[in-house]
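Worksheet for the structure shown next.
Computed from the coordinates by the stated procedures, all read-outs in this text should not be read as laboratory data. Remember, predicted model here, so these are calculated numbers, not experimental data.
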Amino acid sequence: MTGPYVERIFLREPLPESSYLNRLPMVGALERGTPLKFPGAVTFLVGENGTGKSTLLEAIAVACGFNAEGGTRNFNFSTRATHSILGEYLTVGKVRYPKDGFFLRAESFYNVATNIDELDEEPSLGGNLIDSYGGVSLHEQSHGESFLALIQNRFGGHGLYLLDEPEAALSPTRQLTLLGQMNLLVKEDSQFIIATHSPILMAFPGACIYQFSERGVEQTAYRETEHYQLTRRFLEDPERMLRYLFADSDGGTGNG
């Protein structure tokens, strides 16, 4: 890859004081005037639920011209306006413009699949849109199969791909398949920005990882992320971890 499509992001101006987004530490980090940079082909946004990683990814997508519910820049459907105003205040610094792009979000993927079917049936568009997605309706496949069909058939390279928790539909084996597909697309001059909880996906070689927490946003080495460390401790000794967990849930009394 000769350089990222999205190089940096920053807030042009403060958000309205009444906005709930001001409670997110990551917004405070952006308001301090330091751009968040995307130095390479793959960047991961990781952290606990509620820290704002998916909110930021959605805002990047909107600021880049993607539909808030997902899809390409040509998708304009809306089933429910629930996206935040953050994208309206966000400036995206671009080095180049991609030839391809897609915003994939697990929570609204059903709506994207429905819109693809509807567009494929529209006579004025000539039909056959589904061929770009593997030739089979995404609704006629399992959730995981449809995710991979989309990525393997629709993502054509030279593109900007924004993925929000893609592991939600993928088994560990299929997550490895996704890593392989990402590697092929990176070699085809593509950039990925991914919000995820998956230690498998985070292992992509050379990826930049931003960890979202109450402290804000910090670049973190793979093995220093909370997700990796917790998963490793659990897999090394699940019995011990469960004893602590169950003791806490029993008020410290244990089961015996």
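Size check on the stretch 156-201: the Cα extents along the three principal axes, sorted descending, read 26, 18, 15 Å.
Could you grab the relative contact order for the stretch 153-205? Cα pairs under 8 Å, six or more apart, rounded to a whole percent.
Details: 49 pairs, mean separation 28.8, N = 53.
Here the relative contact order equals 54 percent.
For the stretch 148-256, the square roots a ≥ b ≥ c of the C-alpha gyration tensor eigenvalues yield an a/c of 1.5 or more together with a/b exceeding b/c, which makes the shape prolate.
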